[in-house]
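Undergrad: For reference, the structure I am asking about is given below.
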Amino acid sequence: MALIGCSRCWLLIWLSYWLRLLSPTILALVSRLLVVFLTHHHPPPPHPVPGVSYEEEIAAVGGISSVRVPAGVHAVLYGGHFVEPSFRAIRNVGDISVTSPAMNDATRTIKLSYLPIWQLNGVVLCTDANFGGTCQYYPMGDHTELGADMINGISSMQLPGPGYEVLLWADANMNGQAFKADANVSDFSRIKGLNDNIESVRINPTCK
């Protein structure tokens, strides 16, 4: 019995020695397998990529009073788990308490969807030339004011394709100098009086 006990002691000593040598490798392997498992079963959320459409649902914790929405993104804010009440935004909202008082500081979940520019039914206005800076989407119809982030700051305009006529005015409520376009404008500084001087816009379909 003493011999058997001694043999077990040597076996344990031998195993503990090799485990100490192999433990970094084993830990690294286990960590790698865990990362692969988590990545496969819980992939990271996608990001807006031109030409790609997707929907994403994320959890919020309330306390939301304003929303910044890039062009092409449609955000729906919910007071519960993707149930009513809800608030929809396709552009920046500086103060939700003004637009939707019931949703101010009450958001619990958010659903995002993204469409590339050529799938939008309207126009994208940007604060920098060549469609850079802050860009906001405006659907078909009249927009008598463009929002605090955009007013008197527009330098370029992008259309999803042919079939649209855009009228832009230097003043709010469709007043002041007007300009008509049916194609992209990469730099409004080439048009006298309109660069950083647009306050209202109308988007219409053109007749075929």
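Undergrad: Is region 54-116 best put as rounded, prolate or oblate by its Cα gyration tensor, with a ≥ b ≥ c the root eigenvalues, rounded for a/c under 1.5, and otherwise prolate when a/b is larger than b/c, oblate when not?
TA: Because a/c hits 1.5 or more and a/b fails to exceed b/c, region 54-116 counts as oblate.
Undergrad: Turning to a different aspect of this structure: Please report the net charge: other residues with Cβ closer than 10 Å to the Cβ of ASN92, K and R +1, D and E -1.
TA: +1
Undergrad: Return the Cα extents of region 120-205 along principal axes one, two and three, sorted largest first, each rounded to a whole Å.
TA: 26, 26, 22
Undergrad: Obtain the radius of gyration and the Kirkwood radius of region 86-162 from its C-alpha atoms and give Rg over Rh.
TA: 0.99
Each reported figure results from applying straightforward, stated rules to the coordinates on display, with no laboratory input. Since this is a predicted model, take the numbers as computed values, not measurements. Here Cβ is always computed from backbone atoms with ideal geometry, including for glycine, and neighbour counts include all displayed protein chains.
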